[in-house]
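The values are calculated or read from the model by the stated rules, or taken from the named source; none is laboratory data. On a predicted model such as this, the values are computed, not experimentally measured, just so you know. Note that each Cβ is placed from the backbone with ideal geometry, even for glycine, and that neighbours are counted across all protein chains shown. All accessible areas refer to the heavy atoms of the entire protein, side chains included, with ligands and DNA or RNA removed. Shrake-Rupley method; radii C 1.70, N 1.55, O 1.52, S 1.80 Å.
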Amino acid sequence: MTPRGRGVGAVTLKDVAAASGVSVATASQALAGRGRMTDATRERVRRAADDLGYLANALARGLRTGRTQALGVHHERAAANLATSYFRDFLAGAIEAAHRHDHDLVVLSSDTHRPRTTAPHVDGVIVVDPIADDRRARELMELPVPVVAGEHVPSSMPPCAVVAADHATAVRAVLDAAAARGVRRPLLAAPDANSGWGEVLREVVGAWCAERGVEPVLVATRFGEQSIERHRELLTPVLAARPEVDMVLGASPFAVQGAMSVLRGLGRAPGRDVLVAACADEPGLLLEDPPVTAVELPAHALGVACVERLVAILDDERGPSAALGTVQTVPAPVHLRASTAGSPATAST
């Protein structure tokens, strides 16, 4: 083997494969740490790449093309949200997928009080849970780099590719199960138009009710609101004035916990004469009395899918504009529990 040196010519993967006596596909897998082969073969490919200066040439090629091999992740209040299992699981999935593609993953600055002063040095961006009044999310979505939203984008924000949980299928499954128990008039407590997730939940529940000739009762909440007391304040006047409500569907566990407290105060029994369910699960819902039916949000799978989608867009010869407005979904499991096991129609007679 004759080293060509780091400054002589452009070493290709084909050169590495020929020098190590393997196919181009095997050479690619060996350098990426993938594929089934012996340790000796993997080491031989790596040694050939080093001798030929292949990795150095690959890095130099990145400088020429402007590719950083880095992907950015933005989440409003990213540091604070690391306390949530959802964001931690999302990041874990995103990191695993990025590393499989030999990309770095960078958590971007999420100071919501001031605009960015520089563009991030990344090839593309994942915006987790895009919120319409998140100034930095909007700035990122207006940059000339591909953006994938990890969840639905509010209608007031610029379009981009979306990867989201399959809320429509999951919420319909919860509602259909409730209808089998006699539910006629559901109440939905979900984020306002600031949240694309909230918009989707209202569309799903509205369509389900329209098919049955009824109007849903809608209560607008704030995305990310974690105060049970605040949800109590929002739901108390509505539930007091609408005794015909026989199911409460809360977007968050906090909305559900607030609703259950209000219902008990009104002398109504959650899970028996008013069914209760959440559009996002958490372990605490299993400890409620009764345990609460909930949709499991597949955070880890979403993180993986967002990175895979972004890498595919970066490699698409048609350019990032071909992905604008596309939506891919990830299955969201439904856990039916005792809070939707009652029969409101029977209890109210």
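Beta bridges assigned by DSSP with both partners in the chain are antiparallel in approximately 10 percent of cases. Computed about the Cα centre, the dipole magnitude for the chain is approximately 620 debye when only Lys and Arg (+1) and Asp and Glu (-1) carry charge, each at its Cβ. Bridge orientation summary for region 190-346: considering DSSP beta bridges with both residues in this region, about 20 percent are antiparallel. The Cβ shell under 12 Å around Glu96 holds other residues with a net charge of -1, Lys and Arg each +1, Asp and Glu each -1.
Pairs of Cα atoms nearer than 8 Å and 6+ residues apart set the relative contact order; for region 108-195 it is 26 percent.
Per residue, region 108-179 exposes 38 Å² of solvent-accessible protein surface, assessed with a 1.4 angstrom probe and all protein chains in place. Backbone amide hydrogens, once placed in the peptide plane, bring Val106 within less than 5 Å of Leu71, Gly72, Val73, excluding anything fewer than 5 places away on its chain. Across region 308-318, rounded Karplus estimates of 3J(HN,Hα) from the backbone phi angles (6.51 cos²θ - 1.76 cosθ + 1.60, θ = phi - 60°) give 4, 5, 5, 5, 5, 5, 4, 8, 7, 5, 6 Hz, Gly and Pro being marked x. The portion of the accessible surface of the chain made up by carbon and sulfur, rounded to a whole percent, is 53 (1.4 Å probe; DNA, RNA and ligands excluded).
Ligands, DNA and RNA excluded, the heavy atoms of Arg77 present near 120 Å² of accessible surface to a 1.4 Å solvent probe. Close amide H pairs (under 5 Å, H built 1.01 Å from N) link Asp166 with Val330, Ala332, residues at least 5 positions away or on another chain. On average, how much accessible surface per residue is there in region 260-349, in Å², for a 1.4 Å probe, leaving out ligands, DNA and RNA? Solvent-accessible surface per residue comes out at 46 Å².
Put a dot 7 Å past the Cα of Arg100, heading toward its Cβ, do the same for Gln69, and the two dots end up 1.8 nm apart. Specify which labelled value, from (1) 135; (2) 158; (3) 149, agrees with volume of the Cα convex hull per residue in Å³ derived from the coordinates of the model shown. Here the calculated entry is (2). Remark: spin-label model distance Glu139-Ser155 equals 2.8 nm, labels positioned 7 Å along the Cα→Cβ axis.
Residues in region 117-122 carry Karplus couplings, in order, of 9, 9, 7, x, 8, 9 Hz; the curve used is 6.51 cos²θ - 1.76 cosθ + 1.60 with θ = phi - 60°, and Gly or Pro positions show x.
Here the Karplus curve 6.51 cos²θ - 1.76 cosθ + 1.60, taken at θ = phi - 60°, turns the phi angles of region 199-209 into couplings of 4, 5, 4, 5, 5, 5, 5, x, 5, 4, 5 Hz, with x standing for Gly and Pro.
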